[in-house]
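S.K.: The structure follows.
The values are calculated or read from the model by the stated rules, or taken from the named source; none is laboratory data. A quick note: this is a predicted structure, and the numbers were derived from the prediction, not measured. Backbone-built Cβ (ideal geometry, glycine too); neighbour counts: all protein chains shown. Only protein heavy atoms, including side chains, enter the accessible area calculation; ligands, DNA and RNA are left aside. Shrake-Rupley method; radii C 1.70, N 1.55, O 1.52, S 1.80 Å.
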Amino acid sequence: MQKYTYNSGFTTTFEFLKQEKSPFTIFYIHGLGSDPWGKEPQIIKEYAAKHNLNFLRFELVGHGSDADNFTNTDMNIWKIILSTPI
């Protein structure tokens, strides 16, 4: 998995599956307190690959492996992160 550090100082792990000639991307955002590496996102990734769709998943700061930072994050941090191009 690739890592990206935002201007806010938080680092996230992400995966981008790029398909040739596909103008569409499935963008997987995991639930509160969860992470994007489980069974459900893997099934969606396999669906995207089978149907030649791009697939992007990443771990929201303060969740999953970054759960220790949960109390240091809020909607403003997530809003900034989600609006930052990777």
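S.K.: Being surrounded by fewer than 16 Cβ atoms within 10 Å (Cβ to Cβ) and either more than 17 Å from N52 (Cβ to Cβ) or modelled with pLDDT under 80 (or both) is the filter here; which residues of region 3-27 pass it?
M.R.: Across region 3-27, the qualifying residues are K3, Y4, T5, Y6, N7, S8, G9, T11, F14.
S.K.: Condition check: modelled with pLDDT of 70 or more and not charged (D, E, K, R). Does L60 satisfy that?
M.R.: yes
S.K.: State which residue is nearest to L17 (Cα to Cα) when the search covers only region 34-52 and only residues that are in a loop (DSSP other than H, G, I, E, B) and open to solvent by 60 Å² or more (accessible area, probe 1.4 Å).
M.R.: N52
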